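The values are calculated or read from the model by the stated rules, or taken from the named source; none is laboratory data. Remember, it's a predicted structure, so these values are computed and weren't measured experimentally. All Cβ positions, glycine included, derive from the backbone under ideal geometry; neighbour counts span all protein chains shown. Side chains included, ligands, DNA and RNA excluded: accessible areas come from the protein's heavy atoms. Shrake-Rupley method; radii C 1.70, N 1.55, O 1.52, S 1.80 Å.
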Amino acid sequence: IAMTTQWLRVQVAVAALALAGVPWAQGTAATGSHINLAPGRSARRQVFPGVARADGVNRTRWRTQVLLLNTASDGQGAELRVIPRDGATPSKECYLASLGPGAMQVIPDLYEALGISGGAGALQIEGSIASWVRTYNQGSEGGFGQDVPGFEAETYFEAGERVAFPVF
């Protein structure tokens, strides 16, 4: 029942964002996209491959949005860091999120929040909050993108191993 309640809170939060006109929430709320829920008190480390802030073609710009939601009945925190595409260790830059009970925070541009001018890589989140990550491309003619599914940091893949990250 707890997971169902958490899922419902996230769906309601995403629906509220969709009604508020947040573009990525509008399509996602209807499709029930991938949201990583952390149980209320167990801190964990998640990795989300495919975050970026970079120029695209035709004057577009890739960026990553993050939605954080505290599903616990007390305050929770999280630490966000980017692992650069060509690096093995997380960046020095860190974003510390502190959310009250049931609070939600949207980070519209992950790299801007971290004070990083640009790049690509993976996002590492340590904490006990629900997280939702989306990388998208935006230009004057419109935009497109997708949710970035995460996995537990203890799950690892060998160099050169083929891995599929399904996106629903």
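Note on the stretch 96-111: residues that are among the hydrophobic types (A, V, I, L, M, F, W, C), outside any strand (DSSP E or B) and within 15 Å of ILE125 (Cα to Cα) total 1. Using the structure shown, decide if VAL66 is at pLDDT below 85, within 22 Å of GLY127 (Cα to Cα) and either open to solvent by less than 20 Å² (accessible area, probe 1.4 Å) or of a type in the set (Phe, Trp, Tyr) (or both). When the stated conditions are applied, VAL66 does not pass them. Here LEU99 meets the list (1) over 11 Å from the mean Cα position of the chain (by Cα); (2) open to solvent by 20 Å² or more (accessible area, probe 1.4 Å) almost entirely, failing just condition (2).
Within the stretch 64-95, the residues that satisfy the criterion of being in contact with a helix residue (DSSP H, G or I) (Cβ under 8 Å, 6 or more places away or on another chain) and either without any contact (Cβ under 8 Å) to a residue 12 or more places away in the chain or not in a strand (DSSP E or B) (or both) are THR71, SER91, GLU93, CYS94.
Surrounded by fewer than 17 Cβ atoms within 10 Å (Cβ to Cβ), under 22 Å from ARG61 (Cα atoms), at pLDDT below 90 and touching a Lys or Arg at 6+ places or on another chain (Cβ under 9 Å): does that describe GLU112?
Values: surrounded by fewer than 17 Cβ atoms within 10 Å (Cβ to Cβ): yes; under 22 Å from ARG61 (Cα atoms): yes; at pLDDT below 90: no; touching a Lys or Arg at 6+ places or on another chain (Cβ under 9 Å): yes.
No.
Can you find, within the stretch 143-168, the residue that is surrounded by the most Cβ atoms within 10 Å (Cβ to Cβ) among those that are modelled with pLDDT under 65 and either closer than 25 Å to VAL57 by Cα or touching a Pro at 6+ places or on another chain (Cβ under 8 Å) (or both)? Once the filter is applied, the top-ranked residue is PHE165.
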